[in-house]
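I have placed the structure first, in the form of structure tokens, so that the comments after it can refer back to it.
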Amino acid sequence: MNSTFPDVSISTDRLVLRPFEEADVSSLTEMMRDELVAAWTTVPVPYRLSDAREFILRSAPAVRTGGDGIVFAVTEFLTQRLVGLVRLGHTDWRILATEVGYVTAPWARGEGYASESVLAVAQWLFQDQKFERLELRTAADNTASQQVAQKLGCISEGVLRNAWIARSRTEDGGWAEIRTDLLVWSLLPEDLEGIPEQLADAGGYAPYPDWLHSPR
């Protein structure tokens, strides 16, 4: 049984999902400095170039080689611009289940990139890697992330009460930590039936991605 994901790139009509490269440091830093990213994720605040470099050169590769999951840089096919990140983590290789998280750059929101990239990863995960379950967890007030889950056909399974710490801006411009609930969503291979075509009709991109092993 495999205990690590292969080093792959995934493509759709509009996007290429690939391993992060050192050239992405500046773009990743800019993306992670967004206030919504700070509010709903655990990224360091403030996010520095050194944080991005550490993530790209050490943390992200270790996610894959250590068996926890895999991290993809999401880039536009035409411009090569970094528009997001998708990460699989907390992977259970015995039951073939993993958890997905995603970030979209502020300048790329509203284009359907989050749902398109997560769908591409889900198809690869179920078809190529033969996984049986993909799980998402969204903070109770993070409606944008919940909309992505719903577009993908995820099933809401329940609430983990008081299970997350989000951040909120204070009057003095700082950040305060606040406890919040987590909504648990799941996606099984059969849940994707018809979803790629629905998203393609809405967004105009190819419903089935291509994936290939990186020569690196």
Heavy atoms of Glu99: accessible area, 1.4 Å probe, square angstrom to 10: 40 Å²
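Quick check on region 21-140: of the DSSP beta bridges with both residues there, what percent are antiparallel, nearest 5%? Please report the intermediate quantities before stating the final value.
Numbers: 13 of 17 bridges.
Counting DSSP beta bridges with both partners in region 21-140, the antiparallel share is about 75 percent.
Using mean Cβ contacts within 10 Å as the protection proxy, how do 27-38, 162-173 order, highest first?
Numbers: 27-38: 18.3, 162-173: 12.2.
Those peptides, ordered most packed to least, come out 27-38, 162-173.
How large is the direction-averaged shadow of the alpha-carbon convex hull of the chain, in nm²?
11.9 nm²
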Relative packing of peptides 110-123, 5-18, 42-55 - highest average C-beta neighbours within 10 Å first: 110-123, 5-18, 42-55
Rounded to whole Å², per residue accessible area for the chain with a 1.4 Å probe reads 51 Å²
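The values are calculated or read from the model by the stated rules, or taken from the named source; none is laboratory data. All of these numbers come straight from a predicted model, not from anything done at the bench. FYI the Cβ positions are ideal-geometry reconstructions off the backbone, even for glycines, and counts take in every protein chain you see. SASA here: full protein model, heavy atoms, side chains in, ligands and nucleic acids out. Shrake-Rupley method; radii C 1.70, N 1.55, O 1.52, S 1.80 Å.
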